[in-house]
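Colleague: Just dropping this structure here.
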Amino acid sequence: MGFYRFSEEEVQVIKQRLDEISLTLKQKQRTEPNQIWYDNQEFLQVMNISKRTAAYWRTENVIAYSQVGNKIYYRLSDIMDLLHKSTIPANSINNLKISTDDNNNDL
């Protein structure tokens, strides 16, 4: 059994086709928050919370989720919505009051 040696032209055609496939795959990757799902374990890690906290958030409808059998999934967009709704705006520099103790030390 002999080996086939590709010509330079054939190698270039294969390389071009691989580049096209790579580009197509990159374009089809899910980048929309509505298309990215986290399972419960990933959600716990992302939010740095306990299983009990996640269960409480689900029962209190704090965050939307999907359940398939015993597996629970969260959409990235729902996680972002939760964080957005829970955002407490920072005070503007004009409204900041620095607390001091009786000795004029910043607290």
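Any read-out appearing in this document is the output of simple, stated calculations on the displayed coordinates, not a laboratory observation. Small disclaimer: the values here were computed from a predicted structure and weren't measured. Note that each Cβ is placed from the backbone with ideal geometry, even for glycine, and that neighbours are counted across all protein chains shown.
Colleague: Under a no-solvent Debye model with one identical scatterer per Cα of the stretch 36-96, what's log10 I(q)/I(0) at q = 0.19 Å⁻¹?
Modeller: -0.69
Colleague: Can you list the equivalent-ellipsoid semi-axes of the stretch 12-56, largest first and in whole Å, using the square root of 5 times each Cα gyration tensor eigenvalue?
Modeller: So the three semi-axes of the stretch 12-56 are 40, 10, 6 Å.
Colleague: Net charge near Asp78: determine it from the other residues with C-beta under 12 Å of the C-beta of Asp78, scoring Lys and Arg +1 and Asp and Glu -1. Intermediate values should be presented prior to the final figure.
Modeller: Values: positive: Arg58, Arg75, Lys85; negative: Asp81.
Within the 12 Å Cβ shell, the charges total +2.
Colleague: Within 10 Å of each candidate Cβ there may be at most 10 other Cβ atoms; applying that plus a DSSP loop requirement, which chymotrypsin sites (Phe, Trp or Tyr not before Pro) in the stretch 5-76 survive?
Modeller: Listed in order of number, the matching sites are Phe6.
Colleague: Taking the simple approach of a point 7 Å from Cα along Cα-to-Cβ for both Val62 and Gln12, what is their distance in nm?
Modeller: Inter-label distance under the simple model: 6.1 nm.
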